[in-house]
Amino acid sequence: MERLLQTLVDTGSPYAIIDITGVPAVDTQVAQHILKTVVAVRLMGADCIISGIRPQIAQTIVALGIEFGDIATKASLADALRHVLRLTGVETTSRRPRREA
């Protein structure tokens, strides 16, 4: 959390993405830490997006009764980046691999 907050100060970024793709499991303690980090990011004047929420993690969070409220969540880091780019007014296009004929 400390490094994230310092990076927000250093860069002046209005957004922070917290990617939990590599988090193997979420329990109450992990979820509370994520929520506290989001609150700290907001106190620094930035908005926070949480990415990397796999189906198993989503089910666990719901089962634990943890509310993420108005925190933006995205399934992948790419989705979170597209979300932030849209918020900043940058247009994105989806590149799909060409199929061989």
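State, as an integer percentage, the relative contact order of the chain based on alpha-carbon contacts under 8 Å between residues 6 or more apart.
Working: 99 pairs, mean separation 28.1, N = 101.
Worked out over the chain, it gives 28 percent.
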Charge dipole (debye, nearest 20) of the range 2-87; +1 at Cβ of Lys and Arg, -1 at Cβ of Asp and Glu: 140 debye
Which of the following values of P(r) over Cα pairs in 10 Å bins from 0, in percent was calculated from the structure shown: (i) 15, 52, 29, 4; (ii) 14, 42, 30, 11, 3, 0; (iii) 15, 49, 28, 7, 0? (ii)
Just to confirm a number: summing +1 for Lys and Arg and -1 for Asp and Glu over residues other than Ser51 whose beta-carbon lies under 15 angstrom from that of Ser51, what do you get? +1
For Val90 and Gln29, FRET efficiency with R0 = 35 Å and r from the beta-carbon atoms, rounded to 0.05? 0.45
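Laboratory data are not the source of any read-out in this text; all were calculated from the coordinates shown. Quick caveat: nothing in here was measured; it's all calculated off a predicted structure. All Cβ positions, glycine included, derive from the backbone under ideal geometry; neighbour counts span all protein chains shown.
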